[in-house]
Structure formats: C-alpha cells, structure tokens
Amino acid sequence: MIDDAGFTLVELLVAMTLAIVVTTLASSTYLFLARTVSVWQEGVHLENTLHATLTRLTEDLYETTDIDRLPDSTYALVRAAGDTIRYALRNRALYRNGRILTDSTLMAGVVFSVTAKPDAPAAFEFRLTLSSRRRALASTVRIVQRHPDPWRSLRP
C-alpha cells in the first residue's frame, strides 16, 4: 500500500513560486508607498519652513521703522519699540539675532532689496528660496513702508 500523506515536489515548487511572487509584490508596494510618503513629508516640511520664515520676516518688517544694511550681508531692522533685529545669511542658513531661523539643508538663498523712489514710499523686498533634494520653493514679498518717517538707510 502506498502512503499518499504529503506533497509532491511539483506541488512544493508551485507553492514556493507563488509565495515568492506574492512577497515580491508586497515588498514592491511597500517600497513604493514608503518613497511616496517620504517625498510628501519632505514637501510638507519645505512648505511649512517657507511659511514660517515668511511669516516671521513679514511680521518683523511690518513693525520696522528703520532698515540699515551692514557690510557683512546683514540687515538690521529697527522696530518702533527701539529694539533691533538682525537678519544674516551665513553658511546657507538664515539667522535672526544670531539664532538659526531656517535649516541649512533647505536654505538656497535669500535676497534683500530696498527701493526708494522720489514719488513713491520706500519699499523693502525679499526673495526667499528654499530647496530640498527633490523640490524647490521661492517666494517674493514686497512691503511698502507704512511709517511716516523714511527709513534712515534710504535717506539721501
């Protein structure tokens, strides 16, 4: 009498092949989703950093009564309360009063410009560019002076 308890070699090979195919599909799906989530998280981090930096700069500029350019690419913003805020770009990082404001892995550049025309109020403009491994964001903000006295650094 022949004992038929067990699997044949062909049945085992078919089962192993199916298991390998299912495992490969599952791992490929997992890796694809992990990369997609990573890209999404990086983009959200970049957008949040840009928003927080723009908000901080804009709030400071709205309270500014005087802007001074310093020789080392630093801008000193004098507020109505009399305190001074210094912004500087060093080593691909934006500093506010000596403390880092943006992560140096994201900072691509910041450009400050001050315009003064005889027939228009003075304006301060900054362009902030942040970039990550896969994406870059840029924004330009222009603030027209709201205080009656002209910014000291812009006086003729």
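Odds and ends about this structure:
- Projecting the Cα atoms of Ala136, Tyr87, Gly43 onto the charge dipole of the chain, computed from C-beta unit charges around the Cα centre, puts Tyr87 farthest toward the positive end.
- Kirkwood-Stokes translational diffusion coefficient of segment 1-112, alpha-carbon pairs, 37 °C, 0.692 mPa s, µm²/s: 172
- A crude spin-label estimate for the pair Arg79 and Ala34, with each label 7 Å from Cα along the Cβ direction, gives 4.5 nm.
- Ordering of 66-73, 16-23 by packing is 66-73, 16-23, highest average first (other Cβ atoms within 10 Å, averaged per residue).
- Per-pair calculated FRET efficiency, R0 = 25 Å: Val44 and Val141 via Cβ, rounded to 0.05: 0.75
- Choice from Ala15, Ala81, Ala122 showing the highest fluctuation, given a GNM over the chain with Cα pairs closer than 10 Å: Ala15
- Cα centroid separation, segment 1-60 to segment 63-138 (Å): 41
- Using only side-chain charges placed at the Cβ, +1 for Lys and Arg and -1 for Asp and Glu, the dipole size of the chain relative to its Cα centre rounds to 960 debye.
- Extension gain, Tyr95 to Asp4: 0.36 nm times the residue separation minus the Cα-Cα distance gives 25.0 nm.
Values quoted throughout were computed directly from the atomic coordinates according to the rules given, and no laboratory measurement underlies them. The structure presented is a predicted model; accordingly, all values stated were derived computationally and were not measured. Note that we place each Cβ from the backbone using ideal geometry, even for glycine, and neighbour counts take in every protein chain shown.
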